[in-house]
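Nothing in this text is a laboratory measurement; each read-out follows from the coordinates by a stated rule. As the structure is a prediction and not an experimental result, all values here were calculated from the model. Note: ideal-geometry Cβ built from the backbone for every residue, glycine included; neighbour counts use all protein chains shown.
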Amino acid sequence: MINALTFDKTFADLIYGNYTGMVYLTALIGGFLSDRFMGNRKSIITGGFTMAFGQLLLFTSGMLYADKPVAAFFLYAGLIFLCLGNGFFKPNISSMVGQLYPENDKRIDSAFTIFYMGINIGGLMAPIICGFVGNTGNIADFKWGYFAAGIGMLLSLVIFIPLKNRYVVTPEGKPIGVVPPYRESRNSGRNLIKYSGFFVIVFALFYFIFKSDIIGSFIFATFFTAPLSIILDKSLGKIEKQKIIAMFLLIMFSMVFWIAFGEIGSSLTYFADKQLDRSLLGWSMPPAVFQAFGPIFIISFAPILAVLWSALAKRKSEPSIPFKLAIGLFLICIAYLILALAVKFLDPNVKTGMQWLVIMYFFLTLGELSLSPIGLSMMVKLAPLRFGSVLMSVWFLSLGTSFKLSGVLSTFYPHDNIKPIFLGIQIATTYDFFMIFAVLTGLSSLILFFLIKPLLKLMNGVR
């Protein structure tokens, strides 16, 4: 957008931020349609082809980059189709994993840990492949990154479509995700309309009072409205409602984690660029390369944790879901404390050794493994089947909301002699900035530890 289409950086940042937010917002729409009309399988296939078409549009934009208005049109169209396709794809893939096992099976947490490892294998390979073919230094070549992504999406469909009937089945051999679980209550979708007034009020609050942008206000309003429309659904029984309340409370704690985690793509990358000694054997490591340490650590340690959870489950000593989430928050607190202490006693003109950021990413990744796949497992265990995909979408919507808030907090990073004020406190150094997240996650972890017993009571035997 900046180098080829000569967009202003601020405008390009706005497009990127809105795109990442809408990717998670459309998951709610895709989950809703899947639960009521399409089923998981049709939704996944629809989403896959839609995303592949979106990549084709971006490839076209790259081919026509010299004609700025036409290229911009194909850019926007491609991003829209990627958002729509991901909305059908992401929540349904995740919700189907839990259906591969019997209800309350102890292996589900391990299954989601392995599933999460698979996601990060893709997260590691994708930038390498797309960067190799597209980031050559020649602007005309960046279109091949989109082309490679589109081919990758089509290859995944070539694998999924013929093999789904063999492997995507219940323990009894019945196909998963064929019949919409909420087909008998299609009219209940009208409940969403009842809450449109609430949506408008929340949207106006964020847009006019908190001065959020339109997309941000839309995301925040949807985040508060969607759970309300679910929890007040008249078809829910008492136990189902208690489980969903516990789920939403745990989502709120997990959001604190994702707010801190979201700094990877903003302030932590800026820190790596400006305040880190990145020299390694005569080579200056690019700041973005540090983001690869997360997937590397996940791929390395996810199998270990999967085996650990299974072994503890066999001994009936596996930690509960709230305990694992609290551990995740505690580990990210340790990660930020390490980075804060690494810069506290340094002269402002001296750059920090890169090992501290690597160690920070290590603890952050362990926290991610303790929280993210367990969060996906939690949604499957606690959600009524007829709300499976739409509640999984609420989980992803919480991520989008968290990353939006993370972007707001990243503006308090001190730079170029600018020392922002956060809650009446001047953020004069990077130590002060990192301590914001250490305190935020540490307190949340402590509170969650104290709430484990009441939460388990609401979860009605689900651990």
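Between Leu443 and Ser235, the contour length at 0.36 nm per residue exceeds the alpha carbon distance by 71.2 nm.
Database remark: amide H of Leu276 closer than 5 angstrom to the amide H of Thr352 (H placed geometrically; neighbours at sequence offset of 5 or more, or on other chains; Pro and chain starts carry no H).
A full extension of the chain between Val358 and Met252 corresponds to an added length of 35.4 nm, given 0.36 nm per residue minus the alpha carbon distance.
The length gained by stretching the chain between Ile245 and Ile2 to full extension, at 0.36 nm per residue less their Cα-Cα distance, is 83.1 nm. Highest mean packing comes first when the peptides 132-143, 224-235, 111-122 are listed by Cβ atoms within 10 Å, giving 111-122, 224-235, 132-143. Protection proxy ranking, highest mean first, for peptides 252-264, 291-303: 252-264, 291-303, where packing is the per-residue count of other beta-carbon atoms within 10 Å, averaged. Loop-located trypsin sites (Lys or Arg not before Pro) across segment 261-323 with a Cβ neighbour count of 16 or fewer within 10 Å are Arg315, Lys316, with loop assigned by DSSP.
From the helices alone, meaning DSSP H stretches of at least four residues, give me the mean residue ellipticity at 222 nm for the chain, per-run term -39500 (n - 2.57), in deg cm²/dmol to the nearest 500.
So the helix-based figure for the chain works out to -24000 deg cm²/dmol.
In segment 69-213, the alpha-carbon atoms span a convex hull of 218 Å³ per residue. With the simple spin-label model, which puts each label point 7 Å out from Cα in the Cβ direction, the Val350 to Ile15 separation comes to 4.4 nm.
The spacing between segment 204-275 and segment 41-69, judged by their C-alpha centroids, is 28 Å.
For Ile114 and Phe450, a Förster radius of 30 Å and the Cβ-Cβ distance give a FRET efficiency of 0.45, rounded to the nearest 0.05. Helix screen, the chain: DSSP H segments with Cα axial length of 27 Å or more and mean Kyte-Doolittle hydropathy at least 1.0 are 68-98, 108-134, 238-261, 293-314, 321-344, 354-382, 388-410, 430-450.
Within the chain, antiparallel bridges make up roughly 75 percent of the DSSP beta bridges whose residues both belong there. Apply the Debye scattering formula to segment 194-290, with a single equal point scatterer on each alpha-carbon and no solvent, then give log10 I(q)/I(0) at q = 0.11, 0.13 Å⁻¹. Result of the Debye calculation: -0.57, -0.69.
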